[in-house]
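What follows is one structure encoded as structure tokens, with my remarks underneath.
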Amino acid sequence: MTCKHVAFFVTAMLLSAMVRAQSISVEGEVTHPLKLSAADISAMKKVEVVAADRDGKAHHYSGVPVYEILQQAGVTLGPQLRGENMSKYLLVKSGDGYEVLFSLPELDSTFANRVIILADKMDGNPLPAGKGPFRIVVPGEKKPARWIWEVTTMTVRFAK
Ligand SMILES: Nc1nc2c(c(=O)[nH]1)N[C@H]1C(S)=C(S)[C@@H](COP(=O)(O)O)O[C@H]1N2
Ligand SMILES: [Mo]
């Protein structure tokens, strides 16, 4: 490898790290669209949940309840989650094109008896490479298919 090749490689690595660390957008049916940086998220109140990964092993995940993020964005939750708002959903998107969907009551603490989080730590450490920097963790499900990693966007929409 020549010096030029090395410089190109290092630049590419830095750029991809920057892209991965980019902020999370919260948009759609919200009164305050958000662009949350890693610093914004780390400044929010954290909760811990224990949940089993694909191999059935329990881990401690720490992060922000998705509910708190949606509340900051002004999504119709709590007493406002009734009537036509019951047909809204949250679509979460990843940099790799994977997308998963949640109904609002699943995320709302006045309905749900579990807390779905946007995790930034597993067992006290940042999420492993390729699984972060932010990953949804859904406790109490039999498989982690909705544990979307590399979250980039959360969009609230009407189903109709
Ligand atoms: N961004 C993204 N998140 C994803 C996936 C994916 O393809 N892309 N696969 C999902 C599926 S189907 C499963 S089973 C789990 C696997 O997580 P693991 O590799 O940590 O066991 O991640 C989920 N999160
Ligand atoms: Mo899966």
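For segment 96-108, does any single residue satisfy the condition of being within 12 Å of ligand 1 (Cβ to nearest atom) and touching a residue at least 60 places away in the same chain (Cβ under 8 Å)?
Taking every residue of segment 96-108 in turn, none turns out to be within 12 Å of ligand 1 (Cβ to nearest atom) and touching a residue at least 60 places away in the same chain (Cβ under 8 Å).
Return a yes/no flag: does segment 142-151 have any residue that is free of Cβ contacts under 8 Å to residues at least 12 places away in the same chain and more than 20 Å from residue 69 (Cβ to Cβ).
First, pick out the residues of segment 142-151 that are free of Cβ contacts under 8 Å to residues at least 12 places away in the same chain: 142.
Next, only the ones that are more than 20 Å from residue 69 (Cβ to Cβ) stay: 142.
Checking segment 142-151: at least one residue is free of Cβ contacts under 8 Å to residues at least 12 places away in the same chain and more than 20 Å from residue 69 (Cβ to Cβ).
Got a sec? Which of 62, 109, 94 is among the small types (Gly, Ala, Ser), in contact with a strand residue (DSSP E or B) (Cβ under 8 Å, 6 or more places away or on another chain) and within 16 Å of ligand 2 (Cβ to nearest atom)?
Details: 62 fails: within 16 Å of ligand 2 (Cβ to nearest atom); 109 fails: within 16 Å of ligand 2 (Cβ to nearest atom).
Only one candidate passes the filter, namely 94.
How many residues does segment 134-156 hold that are modelled with pLDDT of 95 or more and either in contact with a Pro (Cβ under 6 Å, 6 or more places away or on another chain) or away from ligand 2 (no atom under 16 Å from the Cβ) (or both)?
Total satisfying the criteria: 8.
What number goes with the only condition from (1) in contact (Cβ under 8 Å) with a residue 40 or more places away in the chain; (2) within 16 Å of ligand 2 (Cβ to nearest atom); (3) within 15 Å of the chain's Cα centre (by Cα) that residue 67 does not pass?
Here residue 67 clears every test but (2).
When residue 26 is evaluated against the numbered criteria (1) of a type in the set (A, V, I, L, M, F, W, C); (2) at pLDDT below 95; (3) under 29 Å from residue 124 (Cβ atoms), which criterion, by number, is the only one it fails?
Going through the list (1) of a type in the set (A, V, I, L, M, F, W, C); (2) at pLDDT below 95; (3) under 29 Å from residue 124 (Cβ atoms), residue 26 breaks only (2).
Going by the conditions given, is residue 35 touching a Lys or Arg at 6+ places or on another chain (Cβ under 7 Å) and farther than 21 Å from residue 145 by Cβ? Please lay out each step first, then the result.
Working: touching a Lys or Arg at 6+ places or on another chain (Cβ under 7 Å): no; farther than 21 Å from residue 145 by Cβ: yes.
Considered against the rule, which asks whether it is touching a Lys or Arg at 6+ places or on another chain (Cβ under 7 Å) and farther than 21 Å from residue 145 by Cβ, residue 35 comes out as no.
What are the residues in segment 23-60 that are of a type outside the set (D, E, K, R) and within 14 Å of ligand 1 (Cβ to nearest atom), if any?
Filtering segment 23-60 down to residues of a type outside the set (D, E, K, R) leaves 23-26, 28, 30-34, 36-39, 41-44, 47, 49-52, 56, 58-60.
Once the filter is applied, which keeps residues that are of a type outside the set (D, E, K, R) and within 14 Å of ligand 1 (Cβ to nearest atom), segment 23-60 yields 24, 51, 52, 56, 58, 59.
Suppose the filter is in contact with an Asp or Glu (Cβ under 8 Å, 6 or more places away or on another chain), touching a residue at least 12 places away in the same chain (Cβ under 8 Å), within 16 Å of ligand 2 (Cβ to nearest atom) and charged (D, E, K, R); does residue 53 pass it? Write out each step before concluding.
Values: in contact with an Asp or Glu (Cβ under 8 Å, 6 or more places away or on another chain): no; touching a residue at least 12 places away in the same chain (Cβ under 8 Å): yes; within 16 Å of ligand 2 (Cβ to nearest atom): yes; charged (D, E, K, R): yes.
It is false that residue 53 is in contact with an Asp or Glu (Cβ under 8 Å, 6 or more places away or on another chain), touching a residue at least 12 places away in the same chain (Cβ under 8 Å), within 16 Å of ligand 2 (Cβ to nearest atom) and charged (D, E, K, R).
Inside segment 63-160, counting only strands (runs of 3 or more DSSP E) that do not spill past its ends, which hold 3 or more residues that are buried (at least 19 other Cβ atoms within 10 Å of the Cβ)? Reasoning before the result, please.
Numbers: elements: 88-94, 99-103, 117-122, 135-137, 151-158.
Output list reads 88-94, 117-122, 135-137, 151-158.
The values are calculated or read from the model by the stated rules, or taken from the named source; none is laboratory data. From a predicted model like this one, the values you see are computed outputs, not experimental measurements. All Cβ positions, even for glycine, are placed from backbone atoms using ideal geometry, and neighbour counts span all protein chains on display.
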